[in-house]
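The structure appears right after this line, and notes come after that.
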Amino acid sequence: MERFEFVCTADQAGSRLDKLLAECMPGHSRSALAQLIDQEAVLLNGRPAAKSAKPAAGDRLEVLLPDPEPMNAEPENIPLDIVYEDDRLLVVNKPKGMVVHPAPGNYQGTLVNALLYHCAGSLSGIGGQLRPGIVHRIDKNTSGLLVVAKDDAAHTALSAQMACHSIHRLYQAVVYGGFKQDSGFVEGNIGRSPQDRKKMALVARGGKPAYTGWQVLDRYKGFTHLQLQLKTGRTHQIRVHMASIGHPVAGDDVYGPRAAIRSLGGQCLHAKTLGFVHPGTGEYMEFDSPLPEYFTQFLQTLKREEL
């Protein structure tokens, strides 16, 4: 068991305990820390504390962190929408709502669990035990195309293409607001938000360079249908970049309005086109995924509101 100790400063005094801990321990979610408080694993001046407690300056806090449980990705017989497959790789069309690989809170039902079953363990090991074959990821509530490596050589070659930005990736999204221009781009470093470590943001210092090109496909009342091209692949890149220019992705309850469009079940964002050079044959291959039902239904709703 790991013990985390600190003394409350004058600047921190008066904050609710669960909020204070989340700020001081950015690697742990506020909900997980709240559970520790409920389990009396958080001590305030040596005694179990309540979530509503508001430590004063000089108060001593101790957090007793349990040993992490071993995480193993197990094969699960989950249907996959496989667009292409050979002995070196496969291209899969991930549905909205599916997590790519196991992580705390999502140990089962992930794309990796399904791939382990489908490929009978024949996946690249470069990504480690929890990410076998995973060359790149898309968010849980983003749908669309991913390439998966079956051996280490294919994984290395595909990762190199990803690193030099030669993999062709086109997304489609519906975003809030209208655009005067028909095309443009957003460029700016993306890193952890200084205000909320669970979110990404454009940062003035640090972070990683990111570039997103956009093109208007159609305009609706209050919304715009866009095609987006990535030259980089940072975490939440499209969602952060579009929100930074005042056009968050429709349905995005993290970077968009608090009153997100619940019927979408997450952001209206689809990884539609994926192109790369096959690591075995040297042939350029390109795949396209039709817009999923949630996306087309939302477009139809917007069209009806135009009438």
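Before moving on, here are some points about what is shown:
- √(5λ) per eigenvalue of the Cα gyration tensor, the chain, largest first, Å: 37, 27, 18
- In the range 165-307, lysine pairs closer than 18 Å at Cα, eight or more apart or cross-chain: 6
- Estimated vicinal HN-Hα couplings, Hz - the range 169-185 in sequence order (Karplus 6.51, -1.76, 1.60; Gly, Pro = x): 9, 10, 10, 10, 8, 10, 10, 6, x, x, 10, 6, 8, 8, 7, x, 8
- Close amide-amide hydrogen proximity is noted between LEU89 and LYS150, each under 5 Å apart and 5 or more residues distant or on a separate chain (H modeled in the peptide plane; Pro and chain starts excluded).
- 12 Å beta-carbon shell around LEU274, net charge (K/R +1, D/E -1): +1
- Geometric descriptor of the range 133-240, per residue, is 129 Å³ (volume of the convex hull of the Cα atoms).
- The range 147-166-the range 185-205 distance, computed between alpha-carbon centres (Å): 26
- The listed peptides 238-246, 123-131, ordered by packing as a protection proxy, come out as 238-246, 123-131 (highest mean of other Cβ atoms within 10 Å first).
- q = 0.10 Å⁻¹, the range 25-173: log10 I(q)/I(0) [Debye, one scatterer per Cα]: -0.50
- Prolate/oblate/rounded label for the range 193-291 (Cα gyration tensor, a/c 1.5): oblate
- Pairwise Lys count, the range 1-159 - Cα closer than 18 Å, eight or more residues apart or different chains: 5
- A cut-off under 15 angstrom between Cβ atoms defines the neighbours of GLY178, and their net charge, with Lys, Arg +1 and Asp, Glu -1, is -1.
- Remark: relative contact order (the range 185-225) = 37 percent; criterion is Cα-Cα distance under 8 angstrom and separation of 6 or more residues.
- Database remark: amide H of ASP59 closer than 5 angstrom to the amide H of CYS8 (H placed geometrically; neighbours at sequence offset of 5 or more, or on other chains; Pro and chain starts carry no H).
- Surface composition of the range 13-138: carbon plus sulfur atoms contribute 48% of the solvent-accessible area (1.4 Å probe, protein chains only, all chains present).
- For PHE223, the amide hydrogen comes within under 5 Å of the amide hydrogens of GLY177, counting only partners 5 or more places away or on other chains and with H modelled in the peptide plane.
- 3J(HN,Hα) from dihedral phi, the range 201-208, Karplus parametrisation 6.51/-1.76/1.60, rounded to Hz, x for glycine, proline: 7, 6, 10, 6, 10, x, x, 10
- Computed over the range 102-256, relative contact order equals 18 percent, with contacts defined as Cα pairs under 8 Å that lie 6+ residues apart.
- Between ASP81 and LEU130, the modelled labels are 2.7 nm apart [label points 7 Å from Cα along Cα→Cβ].
- Note that the range 169-231 shows a convex hull volume over its alpha carbon atoms of 107 Å³ per residue.
- Solvent exposure of the range 180-228 as accessible area per residue, Å², 1.4 Å probe: 64
- Cα centroid of the range 238-283 to Cα centroid of the range 80-123, whole Å: 19
- Rounded to the nearest whole Hz, the Karplus-based 3J(HN,Hα) values (6.51 cos²θ - 1.76 cosθ + 1.60, θ = phi - 60°) of the range 7-23 follow the sequence 10, 5, 8, 5, 5, 8, 4, x, 7, 4, 4, 5, 5, 4, 5, 4, 6, with x at glycine and proline.
The values are calculated or read from the model by the stated rules, or taken from the named source; none is laboratory data. All values derive from a computational prediction rather than experimental measurement. Cβ atoms come from the backbone with ideal geometry, glycine included; neighbour counts cover every protein chain shown. For accessibility, only protein heavy atoms count, side chains too; no ligands or nucleic acids. Shrake-Rupley method; radii C 1.70, N 1.55, O 1.52, S 1.80 Å.
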